[in-house]
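A single structure is presented below for examination.
Please treat every number below as a calculation from the coordinates, not as lab data. Just so we're clear, the structure is a prediction, and the values are computed from it rather than from any experiment. Glycine also receives a Cβ, built like all others from the backbone with ideal geometry; neighbour counts cover every protein chain displayed.
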Amino acid sequence: MRLFEGCDDGRPLTMDDGIGLAEALLGLPGFRVLAVSETRGEVVVEIETTVEVVGCRGCGTRAVAHERMPVEIRDLPCFGRPARLVWRKRRWRCVDADCDAKTWTETSPQFSARALLTLRAGVEACRQVGENARPVAELADELGVCWWTVMAAVIEHGTPLVDDPDRVGPVAKLGIDETSWLRANRAHATLYATGLVDLDASILIDMVEGNSAADLRRWCASQDRAWLDGISVVTTDLAESYRAGLDPHLAHATRVADPFHVVRVGNRCIDKVRRRVQQETLHHRGRKHDPLYRIRKLLLAGSERLDERGHQRLLLGLRVGDPNDEVVGAWLAKESVRDVYLTDDPDEAELLLDKAIVGCAEDDVEEIRSLGRTLAAWRTEILEHHNTGASNGPTEGLNLCVKKVKRCGHGFRRFQHYRLRVLLHAGGVTWPHRPVPPRIRTRAPYSVA
Ligand SMILES: [Zn+2]
């Protein structure tokens, strides 16, 4: 269906005629609309540039029009319908026979060369995938292009935003945490990545492939020396690889063991003992009505969070399911770890931690002794939390954003794509300004006049 066409004499209507409504809707400076039609649920807009006089690139003589060729480009949807631009692109020719320029095609800053999307459509696709963590495939469907076209736009417009030197300022507190980015399959084990976080600004600084000491060291080596010197506190989980990887580039920083991960080590100890005792007493994995299985969540909750009924259920479960008091021992050990964080006083914390370490070391249960050894190995780092107040809390918050990207991507093949999309979503990127329209039909201010 033909919706709009230029004048009968072949001269197109423009803004200059006072009725350039189509151009006003199109919003591409330097272009005029030749025709608008609608086919199979999409709007097709034929356009051309408004330039009439062009100088030769080689010699500067006035060029003559040589030929035209239609180039199809996808643009942002128009009033809810997918839009296709058909640009009647001109080829110009130099009249000077001696000139080397011969013929050339016109270009426009609104269109990247060879790109299937207009600049504004590419930028918007990048924003949807990055800022809103939307799947690339969804955008591709919406715009009527293939997956790679959208991903190419995300790479083209997103990379400069991520590489922007102003994105990450000086960092005083650095958080390091691992996330898995690709689940294990037949070909490989689970692949991990290391996230580096500015704990004060709550932004993801970078994402590094792998979680080994060498991976972390390599990243540190590629950073600016002065920037690394500005980091005074580094928070990690209780992973030996990260502790080793901080040397030598971040050896000057105070190391803090993240409280959440310290408590989790205690929780894991309980789970291990509970599963073993379950297996030894009932000879099967925990089932719905097994006494220990029923209190598995109560065991992990802090004792101060349990109400009277919770306490009763916990005691009953332990009395029935834990004949040798092994789970009770693990529970007490876990509570002694939690106690360290109930105080804000560094001296008190030191006392409580040493008590926990000694208590664990004297226990008969191997899992609890192992917990004690871990605590002893990380004693300095655990106690630094009370001196610096640093924790990986912001990191864990950002991990939720990272997981959102991971979920919407339904798995990634290339780490570089994963890194780009995660950094666009959680890396504190400054997005190009987009006008905020005023609200209409909003409640008007009450007037007495
Ligand atoms: Zn020329």
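More than 17 Å apart: what percent of Cα pairs in segment 364-434 qualify?
Distances greater than 17 Å cover 65 percent of the Cα pairs.
Considering only DSSP beta bridges with both partners in the chain, what is the antiparallel share in %, to the nearest 5?
So the antiparallel bridges in the chain amount to around 75 percent.
Also: So if we plug the beta-carbon distance of Thr442 and Glu138 into 1/(1 + (r/R0)^6) with R0 = 35 Å, what FRET efficiency do we get, rounded to 0.05?
Calculated transfer efficiency: 0.70.
Greater than 31 Å separation of Cα atoms is the criterion. Which listed pairs, Lys355/Lys404; Lys297/Lys403; Lys173/Lys406; Lys297/Lys406; Lys89/Lys404; Lys355/Lys403, meet it?
Lys355/Lys404; Lys89/Lys404; Lys355/Lys403
Further question: Please identify, among Leu423, Leu196, Leu34, the residue showing maximal mean-square fluctuation in a Gaussian network model of the chain using a 10 angstrom Cα cutoff.
Leu34
Another one. For Val265, what charge total do you get from the other residues with a beta carbon under 10 Å from its beta carbon, if Lys and Arg give +1 and Asp and Glu give -1?
+2
Counting other beta carbons within 10 Å of each Cβ, put Ile203, Ile440 in order, fewest first.
Ile440, Ile203
Could you check how many percent of all C-alpha pairs in the chain are farther apart than 28 Å?
67 percent
How far is it, in nm, from the label point at Ala226 to the one at Asp307 when both lie 7 Å from their Cα along the line to the Cβ?
Spacing of the two 7 Å Cα→Cβ label points: 5.9 nm.
List the residues of segment 291-318 whose backbone N lies under 15 Å from a point placed 7 Å from the Cα of Thr281 along the Cα-to-Cβ direction.
Label zone hits: 291-299, 313-318.
Turning to a different aspect of this structure: Based on the Cβ-Cβ distance from Gln416 to Arg183, what FRET efficiency comes out when R0 is 25 Å, to the nearest 0.05?
0.85
Within the chain, what's the longest stretch lacking chymotrypsin sites (Phe, Trp or Tyr not before Pro) that sit in DSSP loops with no more than 15 other Cβ atoms inside 10 Å?
80-445
A further question on this structure: Specify the inter-centroid distance of segment 145-216 and segment 325-343, based on alpha-carbon positions, in whole Å.
The two parts, judged by their Cα centres, are 36 Å apart.
Could I ask something else about it? Whose amide H sits under 5 Å from the amide H of Cys78, counting only residues 5 or more places off or on another chain, with H placed in the peptide plane?
Those qualifying (amide H under 5 Å, at least 5 residues apart or on another chain) are Ala83.
For Gly144, what is the net charge nearby, where nearby means another residue's Cβ is under 11 Å from its Cβ and Lys, Arg count +1, Asp, Glu -1?
-1
Moving on. Any idea what angle helix 346-361 forms with the longest principal axis of the chain, computed on alpha-carbon atoms, 0 to 90 degrees, nearest 10?
Compared with the principal axis, the helix lies near 70 degrees.
Between Asp100, Asp354, Asp206, which gets the highest mean-square fluctuation from a Gaussian network model of the chain, Cα cutoff 10 Å?
Highest fluctuation of the listed residues: Asp100.
How large is the Rg to Rh ratio of segment 23-172 when both quantities use alpha carbon positions and Rh follows Kirkwood?
1.07
Give me the angle, in degrees from 0 to 90, between the Cα long axis of helix 366-377 and the longest principal axis of the Cα atoms of the chain, rounded to the nearest 10.
60 degrees
Between Ala24 and Asp364, what is the label-to-label distance in nm when each label sits 7 Å out along the Cα-to-Cβ direction?
8.9 nm
A further question follows. In segment 26-106, which GluC sites (Glu not before Pro) fall in coil by DSSP and have 12 or fewer other Cβ atoms within 10 Å?
The qualifying sites are Glu52.
In addition: How high is the relative contact order of the chain, in percent, with contacts defined as C-alpha pairs under 8 Å that are six or more residues apart?
Worked out over the chain, it gives 12 percent.
Pull up all non-local amide H partners of Ile203: gap of 5 or more, or a different chain, and H-to-H distance under 5 Å with H placed in the peptide plane.
Those qualifying (amide H under 5 Å, at least 5 residues apart or on another chain) are Asp198.
Continuing with this model, one more query. Subtracting the Cα-Cα distance from 0.36 nm times the residue separation, let me have the gained length for Leu315 to Val64 in nm, one decimal.
Fully extending the segment from Leu315 to Val64 adds 81.0 nm.
Shifting gears a bit: Roughly how tilted is helix 379-388, in degrees to the nearest 10 and between 0 and 90, from the longest Cα axis of the chain?
Compared with the principal axis, the helix lies near 60 degrees.
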